[in-house]
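Q: Quick one: structure below, then a few questions.
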Amino acid sequence: MPSLKDLKNRIGSVRSTQKITKAMQMVAAAKLRRAEEAAVAARPYAERMEGVVANLSASVAGNPGAPKLLAGTGSDDTHLLIVATSDKGLCGGFNSSIVRLAREAIVRLQGEGKTVKIVTVGKKGRDQLKRLYGGLLVRHIDTMDIKRVAYADAKGIADTVLEMFDAGEFDVAHLFYGRYKSVISQVPTAQQIIPAEAPEATQTPDLKGAMYEYEPDEEEILKVLLPRYVGVQIFRAMLENAASEQGARMSAMDNATRNAGEMIDKLNLQYNRARQAQITKELIEIISGAEAL
Amino acid sequence: MADKLTFNLVSPEKEVYSGEVDQVIVPGTEGEFGVLPNHAPFMSTLLPGMLVIKNGGEERRIFVQGGFADVTPAGLTVLAELAIPAEELKGEVLSAQKAAANDQLQKADTPEASLAARRAVDTLAAH
C-alpha cells in the first residue's frame with residue numbers, strides 16, 4: 001500500500017507528463033497545418049510534370065534511344081531502396097510501419113536472389129535498419145537540420161541517387177515513404193522511381209489535330225526532364241512524409257494525453273481512498289482510547 | 001485581340017502565377033519565343049533568364065531557371081525549378097542567386113551546362 005505522499009508524488013509526475021504530451025500535440029497540430037499546406041502547394045507542379053512525362057514517354061516508348069531512366073538498364077539484379085523516415089521519434093508507429101514495409105521488400109527481393117542496397121533519408125529509418133541490414137546500407141542522407149523541406153533538399157538527394165545510377169550501382173530504385181491520407185491515417189507506400197513507371201496519361205491535352213513541336217527534340221527534353229522527375233518524386237515523398245509525421249505525432253500525443261488523464265483519475269481515486277482510510281483509522285484510535293479511560 | 005492566353009507558372013514549391021494574359025515571352029533553349037493566344041502545340045526546355053508576362057500594357061518579369069514550357073490549346077504552362085519575380089530579386093536573394101550561378105559556372109562540365117550557367121550569370125548581372 002503506497003503512502004499518501006507517494007501517491008501525491010505520482011499524481012504530480014503524471015500530471016507534468018500530461019502537460020508535455022499536450023504541448024507536443026499542439027505543436028504537432030500547428031506544424032501539421034504548415035506541412036499540409038506545403039504538400040498541397042507542391043501538387044500542381046508534380047501533376048503537370050507527370051502529365052508531361054506520360055505524354056513524352058508514350059511517344060518515345062520502344063525507341064532504342066529511349067533514355068535509361070525511362071527504359072531501365074536492361075536488367076534488374078540490383079535494387080536500391082530509398083527509405084524516407086523522420087528524424088524524431090514519439091510519433092506512434094509511423095517510422096516502424098515504413099521500415100516494416102521496406103523490410104518485407106528486402107526479404108522478398110533477397111528471396112528472388114537480387115542484390116539489395118539501401119539509402120536512408122532521416123535518422124529513424126537508419127537506426128532501425130542498421131541492426132538487421134547494416135551491411136546493405138550504402139548511404140545515409142541526414143535531414144536533421146532541414147526545418148522546412150525545400151526543393152533544393154530533394155534535388156540534392158535526387159542528384160546523389162542519379163550519380164549512383166550513372167555509375168551503374170543499381171538497376172531499379174524504389175522509394176519508401178508515408179503517404180499522408182488524413183490525421184489518423186498515414187499509409188506506408190512503396191513506389192518505383194527508376195526506371196520511371198510512366199504514369200497513366202490522365203489528361204492528354206486535346207491538340208485539335210495539331211502536331212506537337214518539340215524544341216530541341218523529344219529525347220533532349222526527356223533527358224532534361226527525367227532527372228527532374230526523380231527529384232519531384234522525392235520532393236513529394238519528403239513533403240508527404242513531413243505531413244504524415246506530424247499527423248502521426250499528433251494522434252500519438254493525443255492518445256498519450258488521454259491515457260495520462262485516465263491515470264490521474266485512477267490515482268486520485270486511490271489517493272482519496274487512502275486518505276479516508278487514514279482518517280477512519282485515526283478516529284477509531286481516538287474513540288477506543290477514550291473508551292479505555 | 002479579344003483572345004487571352006491562359007498561363008500557369010509553377011515551381012516545385014508553389015504556383016507562382018496563374019491567370020489570363022496577352023502574351024508571354026519565354027527564354028527557350030534555342031532562343032526566346034513569345035507565346036500568344038492560340039499558339040500551336042509546342043514544348044521547349046528553358047534556359048535561365050527573364051520570363052516576361054505582358055497583360056493589358058503591363059509587364060511582369062520573373063526570373064526562371066531550369067525547366068520547360070508546354071504550350072497546348074488549353075494554354076501555356078511553364079514548369080520552372082526556380083521562379084523569382086524580378087521585384088523580389090534584390091539584396092540577399094540576388095546575391096545568393098549570383099553566388100549559386102557562379103558556382104554552377106565553375107562546375108559546369110558540358111557545353112550545355114556552361115551555357116546555361118553563363119546565361120544565369122549574365123541575366124543576374126544585368127538585373
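Q: Principal axis lengths of region A:247-293 from Cα atoms, whole Å, largest first?
A: Here the Cα extents, ordered largest to smallest, are 70, 7, 5 Å.
Q: Moving on to the next point. What residues from region A:264-284 fall in the zone where the backbone N is under 14 Å from a label point 7 Å along the Cα-to-C-beta line of A:Ala290?
A: A:282-284
Q: Count the net charge of all other residues whose Cβ sits under 12 Å from the Cβ of B:Asp22, scoring Lys and Arg as +1 and Asp and Glu as -1.
A: Surrounding charge for B:Asp22 is -1.
Q: Full-extension gain between A:Lys130 and A:Arg108, please, as 0.36 nm times their residue separation minus the C-alpha to C-alpha distance.
A: 6.1 nm
Q: Write down, largest first, the equivalent ellipsoid semi-axes of region B:5-86 in whole Å, where each equals the square root of 5 times an eigenvalue of the alpha-carbon gyration tensor. Display every interim value, and only then the final one.
A: Working: eigenvalues 52, 41, 30 Å².
Listed largest to smallest, the semi-axes of region B:5-86 are 16, 14, 12 Å.
Q: Mind checking the full-extension length gain between A:Thr115 and A:Ala190? Use 0.36 nm per residue of separation minus the Cα-Cα distance, one decimal, nm.
A: 25.2 nm
Q: How large is the Kirkwood hydrodynamic radius of region A:136-293, counting all unique pairs of alpha carbons, in Å?
A: Radius from the Kirkwood sum: 21.7 Å.
Q: Still on this structure, please answer the following. When only alpha-carbon atoms count, how far does the protein assembly as shown stretch along each of its three principal axes, as whole angstroms with the largest first?
A: For the protein assembly as shown, the Cα extents along the three principal axes come out at 115, 60, 44 Å.
Q: For region A:80-185, what is the relative contact order in percent, using Cα pairs closer than 8 Å and at least 6 residues apart in sequence?
A: Relative contact order for region A:80-185 comes out at 38 percent.
Q: If you don't mind, there's one more thing I want to ask. Just report the Cα centroid separation between region A:30-62 and region B:13-79, whole Å.
A: With region A:30-62 and region B:13-79 each reduced to a Cα centre, they are spaced 19 Å.
Q: Over region B:5-86, what relative contact order in percent results from Cα pairs under 8 Å that are six or more residues apart?
A: 32
Q: If you don't mind, there's one more thing I want to ask. Regarding region A:41-114, what whole-number volume in Å³ per residue does the convex hull of its Cα atoms give? Walk me through the numbers on the way to the answer.
A: Working: hull volume 10.1 nm³, N = 74.
Once divided by residue count, the hull of region A:41-114 is 136 Å³.
Q: Let me ask something else about it. Which whole-number percent gives the relative contact order of chain A, counting Cα pairs below 8 Å spaced six or more residues apart?
A: On the way: 398 pairs, mean separation 95.8, N = 293.
Contact order relative to length: 33 percent.
Q: Explain nothing, just compute: Karplus ³J(HN,Hα) = 6.51 cos²θ - 1.76 cosθ + 1.60, θ = phi - 60°, for every residue of region B:81-91 in order, whole Hz, x for Gly and Pro.
A: Per-residue couplings from phi come out as 5, 9, 9, 10, x, 4, 5, 8, 8, 7, x Hz.
Q: Take the alpha-carbon positions of region B:74-127, form their convex hull, and give its projected area averaged over all directions (one quarter of the hull surface) in nm².
A: The number I arrive at for region B:74-127 is 4.7 nm².
Q: Compute the distance in nm between two label points, each set 7 Å from the Cα along the Cα-to-Cβ direction, one at A:Glu262 and one at B:Glu112.
A: If labels sit at A:Glu262 and B:Glu112, their model points lie 6.0 nm apart.
Q: How tilted is helix B:111-126 with respect to the longest principal axis of chain B? Cα atoms for both, answer in degrees (0 to 90, nearest 10).
A: 80
Q: Enumerate the helices in chain A for which the Kyte-Doolittle hydropathy averages -0.5 or more and the C-alpha atoms extend at least 24 Å along the helix's axis, using complete DSSP H runs.
A: A:4-60, A:94-111, A:218-292
Computed from the coordinates by the stated procedures, all read-outs in this text should not be read as laboratory data. What you see is a predicted model, and the numbers here were worked out from it, not measured in a lab. Neighbour counts run over all protein chains shown; Cβ positions are idealised from the backbone, glycine included.
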